Amino acid sequence: MKKYIAALALLAVSYQSFSQDVNKLIKQDEVEKVIKTLSADDMEGRATFTPGIEKAAQYIESQYKEAGLVPLTGNTGYRQNFTKTRIIAGETTVSINGKALPKDSAFTFTSAPAVSWSTNNDVQIVKLSSGKNFRTEYRSYAKSGKKMLIFVDPSFATTFEGLRDRLKNGVIADKMNNDQQLVFVLGNHDDVKSFEVTYTGKIVVSPLFNIVGMIPGKTKPEESIVFSGHYDHLGILKPVKGDSIANGADDDASGTTAVITLAKYYKKLNSNARTLIFVAFTAEEIGEFGSQYFATTVDPDKVVAMFNIEMIGKASKFGENSAFITGFERSDFGTILQKNLEGTAFKFYPDPYPQQNLFYRSDNASLAAVGVPAHTISTDQIDIDELYHTVGDEFSTLDVANITSTIRAIALSSRGIVAGTDTPKRVPKLDKSAQ
Ligand SMILES: [Zn+2]
């Protein structure tokens with residue numbers, strides 16, 4: 001019994017020292033400084049392929065350097081560079097029955113550099129009538145591999161214009177072939193006897209970069225743990241009350257701030273058994289391309305766990321000192337974290353929004369697909385968050401105390417995994433042939 005009490009006392013002491021470290025080493029004013037910088041207007045919303053994201057990348061690099069991280073094995077700096085082929089759509093001109101349609105009333109989606117149709121039997125004429133689901137229809141066209149002339153009902157004008165402008169700014173051309181040519185025309189044309197279509201687009205190879213640094217493990221360096229967030233956001237949107245910058249303060253400057261803060265924390269402790277990899281992912285908002293690339297650069301079997309942090313800027317639906325974990329039931333990652341927080345004020349919950357499919361809506365999915373217990377930690381009330389993906393997601397709306405307490409909770413709850421004493425169960429690899 002005495003022994004037992006002594007062991008308990010020792011446990012209490014070591015626990016206390018952990019919490020003291022966390023509170024001492026993770027300071028709210030420092031958290032505030034980082035997130036304020038990342039979400040400032042001069043980062044222009046950090047859209048992938050823009051000067052704004054370059055600025056954010058440089059800032060994150062300076063923070064990694066300050067923390068004392070080293071580049072990933074095989075890299076000379078913190079940038080993990082890769083490229084993607086993008087289509088920058090040019091003008092589409094359309095004539096129906098000999099009559100030219102107004103400028104901007106059509107756009108083309110194809111990876112072919114040019115399209116030239118003249119009442120062509122290969123082209124299928126399709127109507128996207130009102131009441132249909134634009135997304136579902138669009139997906140089925142995109143999967144068809146066909147040439148299609150699609151007349152879009154005017155009730156879809158806003159979606160049509162949004163898509164047209166996105167294509168003008170450039171989209172990634174993964175999984176497309178040149179035979180697939182979709183020409184969208186706004187308006188109903190019932191009696192199409194003849195048509196002419198011309199289009200030219202630009203195909204460019206554009207650079208992207210994750211920002212990656214690590215702290216090599218002291219005793220189990222071959223096993224690694226990933227802490228991540230995405231530093232890209234949506235850039236410039238349509239102005240609302242004179243504001244057009246989507247600052248992405250919560251989404252996901254908050255997660256990126258957590259990554260930087262945890263890097264500094266763990267480097268100060270400098271006692272990690274396993275190797276810690278800190279990643280700020282690019283291009284999450286346009287298709288999780290940064291994490292997909294990262295997943296190809298590591299041996300996933302050696303990645304013990306992934307803490308992806310996404311939107312921790314405001315209190316969760318469970319109140320202060322709480323967060324949720326996506327895909328909670330898929331491994332025992334969540335219960336390990338919960339166990340390490342016993343006796344503290346902070347609590348992790350399973351994702352309360354299973355219908356939102358959040359597990360597959362962030363960068364953790366790219367590593368979960370290859371078997372890593374990879375989960376996202378969030379506090380966002382996604383079902384009622386009116387600022388989500390708007391120009392209103394800015395620093396002034398954040399609860400910095402919530403961000404700080406969540407980062408502290410991640411630091412405390414990850415300590416067993418970092419020390420090599422806790423190892424979450426693997427998740428089943430995604431069967432690629434079933435996709
Ligand atoms: Zn996000």
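The values are calculated or read from the model by the stated rules, or taken from the named source; none is laboratory data. Here the structure is a predicted model, which is why all the values come from computation and not from measurement. Cβ coordinates were reconstructed from backbone atoms using ideal geometry, including for glycine residues, and neighbour counts include every protein chain displayed. Please note that ligands, DNA and RNA were not included when accessible areas were found on the heavy atoms of the full protein model with its side chains. Shrake-Rupley method; radii C 1.70, N 1.55, O 1.52, S 1.80 Å.
Here are some notes:
- Estimated FRET transfer efficiency when R0 is 25 angstrom, pair S244-E320 (beta carbons, to 0.05): 0.15
- Shown in residue order for region 49-57 are the 3J(HN,Hα) couplings computed by the Karplus curve 6.51 cos²θ - 1.76 cosθ + 1.60 at θ = phi - 60°: 6, 10, x, x, 6, 4, 4, 4, 4 Hz (x for Gly and Pro).
- Using a probe of 1.4 angstrom and keeping all protein chains present, the accessible surface of region 282-356 works out to 40 square angstrom per residue.
- Plainly put, region 148-230 has a radius of gyration that is 1.25 times its Kirkwood radius, both from alpha-carbon atoms, as the Rg/Rh ratio.
- Sorting 356-362, 25-31, 106-112 by average packing, meaning the other beta carbons within 10 Å per residue, from highest down gives 106-112, 356-362, 25-31.
- For a straight C-alpha distance cut-off of 18 angstrom, the lysines reachable from K99 (same-chain residues fewer than eight places away being disregarded) are K193.
- Residue-averaged 222 nm ellipticity for the chain, from DSSP H runs of 4+ at -39500 (n - 2.57), nearest 500: -9500 deg cm²/dmol
- FRET E, pair K24, Q355, Förster distance 35 Å, beta-carbon r, rounded to 0.05: 0.30
- DSSP beta bridges fully contained in region 217-296 are about 25 percent antiparallel.
- Proximal lysines to K267, defined as alpha-carbon separation beneath 17 angstrom and excluding residues fewer than eight positions away on the same chain: K24, K27, K65, K218, K220
- If both residues of a DSSP beta bridge must be in the chain, then about 55% of such bridges are antiparallel.
- Accessible surface area normalised per residue over region 90-200 is 54 Å², counting heavy atoms of protein chains with a 1.4 Å rolling probe.
- Highest mean packing comes first when the peptides 95-105, 402-412 are listed by Cβ atoms within 10 Å, giving 402-412, 95-105.
- Highest mean packing first, where packing is the average number of other Cβ atoms within 10 Å per residue, the peptides 315-325, 382-392 line up as 315-325, 382-392.
- Rounded tilt (10° steps) of 255-269 against the dominant C-alpha axis of the chain: 30
- Of the beta bridges in region 90-200, as assigned by DSSP with both residues counted there, near 60 percent are antiparallel.
- Contour excess over end-to-end distance, with Cα ends at D332 and V204 and 0.36 nm allotted per residue: 41.7 nm
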